[in-house]
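Before any comments, here is the structure.
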Amino acid sequence: MLTDTLPTNWSYVSEGGESIVFSYKGPDNPLYTGTVLRLRKCSLTNRNPPNAEAVVFHEEIMARLIDPTFLPKIQHVHVGQGAELWLNALAALCEPQRPLERKRTDRIDSRCQNAALATDLVGCEALTIEIKPKWGFLPSPTHLSEATQPIKTRTCRFCMHSHLKAQPSSFCPLDLYSGEECRIKKALEGLWEVWLDSDGAINNFRVFVHGKRISSEESSSISKEATISALLGILTTSPVLRTLSRLQRTLDALDIEGLATLWNAADVGGNPTVSEWHEFITSYLSSPNAPPPATPEHLRYHVLAYLLSATFKDCSIIVGIASRTVTVIDLALKSIDRLSKWEQLDREILSAYAAVPVQDRKICVDAAI
Ligand SMILES: O=P(O)(O)O[C@@H]1[C@@H](OP(=O)(O)O)[C@H](OP(=O)(O)O)[C@H](O)[C@H](OP(=O)(O)O)[C@H]1OP(=O)(O)O
Ligand SMILES: Nc1ncnc2c1ncn2[C@@H]1O[C@H](COP(=O)(O)OP(=O)(O)OP(=O)(O)O)[C@@H](O)[C@H]1O
């Protein structure tokens, strides 16, 4: 039980929209040494399932799509007796280290009895880099409307979304996923620039030194050239980015536009059970490049595929510089009730980008087309 450890044994690492993560720094313990603790946060927008379900999804479903060598080991843990007190103490301890914008919106969910322990990917190395690579493909034109087809097949979703958010960036994910050394280098330099310019506010690049996230103001403590060169050597030889873009692409065969046409004609249903996920994965793996036709009777297949694609579009990788390891994190299950949000966001992104004069639009090159 977690409450057998002291809240002070856990040191704040980082957090996302749904979870907050701590690294174990207490006395040697076979259960906790070398692990991080992932706790659920509570906010008005928290839609993720409880951690127990998230662990099953990770261990059973994700492990069928990504070689477990490239995944952290995750296990479910009970917080134990006195959970609320223990979690409140941890919440108070970490508050000074949390980013302001996160403090304003959420906190550790101190009523939650469940948590997850995962392999600590940043605490055991001198230098680790976290990259959120986002969408790694241009959609096939087949299911796009006449209006969006010329735009979506030239500029990638990340570059258009950055325009909508008024966060111009020289980083294009398609460079990072390209498999070509010079393009990956350009992407890494773009990420480095974004890190420096946004002071870490943009979440695509994070740097950890001995398990502590460093701010861009501390960037002089590491060498940019040496770090990019090491990252380049690791990423060009690892299959992880290729796997992620292949999964994203093959699981999103219709684009949200084609999927929306289908769901307007049939009922999407509720969130899948674990056994439905297993059936889906078996069907997908039998012919990943040949999905069923885009007809209402295959809506459920395409919806499940799109949900998984969304997970892979939003995950991150952690690269251990000395260990030369690449590990995929944040493979969180997305809820079916986000479909209409994604359709709406797609419309907003496209309408903002359509207003950019054609000659000023970015041309993103999808190496796999
Ligand atoms: O839609 P996107 O591409 O902005 O992705 C969201 C992410 O935004 P960003 O990567 O900053 O652009 C967003 O990241 P941040 O919270 O901005 O760090 C979340 O990852 C969000 O997923 P969830 O609500 O945590 O399940 C992500 O939402 P989903 O699209 O996965 O629903
Ligand atoms: N196994 C791990 N080892 C070390 N650090 C980790 C590990 N897992 C997550 N982290 C750190 O904690 C942060 C938050 O974790 P995670 O991305 O899983 O949370 P999230 O709330 O689901 O994120 P998002 O809102 O982006 O979906 C990560 O960005 C990473 O910096």
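The values are calculated or read from the model by the stated rules, or taken from the named source; none is laboratory data. All of these numbers come straight from a predicted model, not from anything done at the bench. Note that each Cβ is placed from the backbone with ideal geometry, even for glycine, and that neighbours are counted across all protein chains shown. To get the accessible areas, we keep the full protein, side chains included, count just its heavy atoms, and leave off ligands, DNA and RNA. Shrake-Rupley method; radii C 1.70, N 1.55, O 1.52, S 1.80 Å.
The table below gives the values:
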read-out	value
Proximal charge balance of residue 294 [Cβ under 13 Å; K/R count +1, D/E count -1]	-3
Which listed pairs, of 73/165; 73/103; 25/341, have C-alpha distances above 32 Å, in listed order	73/165; 25/341
Accessible surface, 1.4 Å probe, highest first, among residues 138, 100	100, 138
The chain: angle of helix 181-198 to the longest principal axis, Cα-based, in degrees nearest 10	60 degrees
Magnitude of the charge dipole, the stretch 1-140, Cβ model with Lys/Arg +1 and Asp/Glu -1, debye to 20	460 debye
Per-pair calculated FRET efficiency, R0 = 30 Å: residue 275 and residue 6 via Cβ, rounded to 0.05	0.15
Charge dipole (the chain, unit charges on Cβ, about Cα centre) - positive-most of 282, 268, 112	112
Farthest toward positive dipole pole in the chain [+1 Lys/Arg, -1 Asp/Glu at C-beta], among 214, 71, 306	214
Diffusion constant of the chain at 10 °C, which comes from Stokes-Einstein with the Kirkwood Cα-pair radius and 1.306 mPa s, µm²/s	73 µm²/s
By accessible area with a 1.4 Å probe, ligands and nucleic acids excluded, highest first: order of 160, 1	1, 160
Sparse-neighbour loop sites [trypsin sites (Lys or Arg not before Pro); the stretch 125-177; at most 15 other C-beta within 10 Å; DSSP]	165
Difference of contour (0.36 nm per residue) and Cα-Cα distance, residue 289 to residue 354	20.3 nm
Per residue solvent-accessible surface (Å²) - the stretch 199-327, probe of 1.4 Å	42 Å²
Net charge contributed by nearby residues that have their C-beta within less than 13 Å of residue 26 (K/R +1, D/E -1)	-2
Shape of the stretch 232-369, Cα gyration tensor, a/c cut at 1.5	oblate
Proximal charge balance of residue 363 [Cβ under 15 Å; K/R count +1, D/E count -1]	+4
Projected label distance in nm at residue 75 and residue 147, using a 7 Å step from Cα toward the beta-carbon	5.4 nm
Highest-first arrangement of 3-10, 142-149, where packing means the average Cβ count within 10 Å	3-10, 142-149
Centroid-to-centroid separation of the stretch 184-240 and the stretch 133-181 [C-alpha atoms, Å]	21 Å
Net lengthening on full extension, residue 282/residue 236 (0.36 nm per residue, minus Cα-Cα)	13.6 nm
Tilt relative to the chain, helix 339-354 - C-alpha long axis, 0 to 90 degrees, to 10	60 degrees
Residue-span extension gain [residue 218 to residue 170] - 0.36 nm each, minus C-alpha spacing	15.1 nm
Dipole of the stretch 128-360 [Lys/Arg +1, Asp/Glu -1 at C-beta], most positive-end residue of 352, 188, 234	234
Crossing angle, helix 240-251 versus the chain [Cα axis fit, 0-90 degrees, rounded to tens]	50 degrees
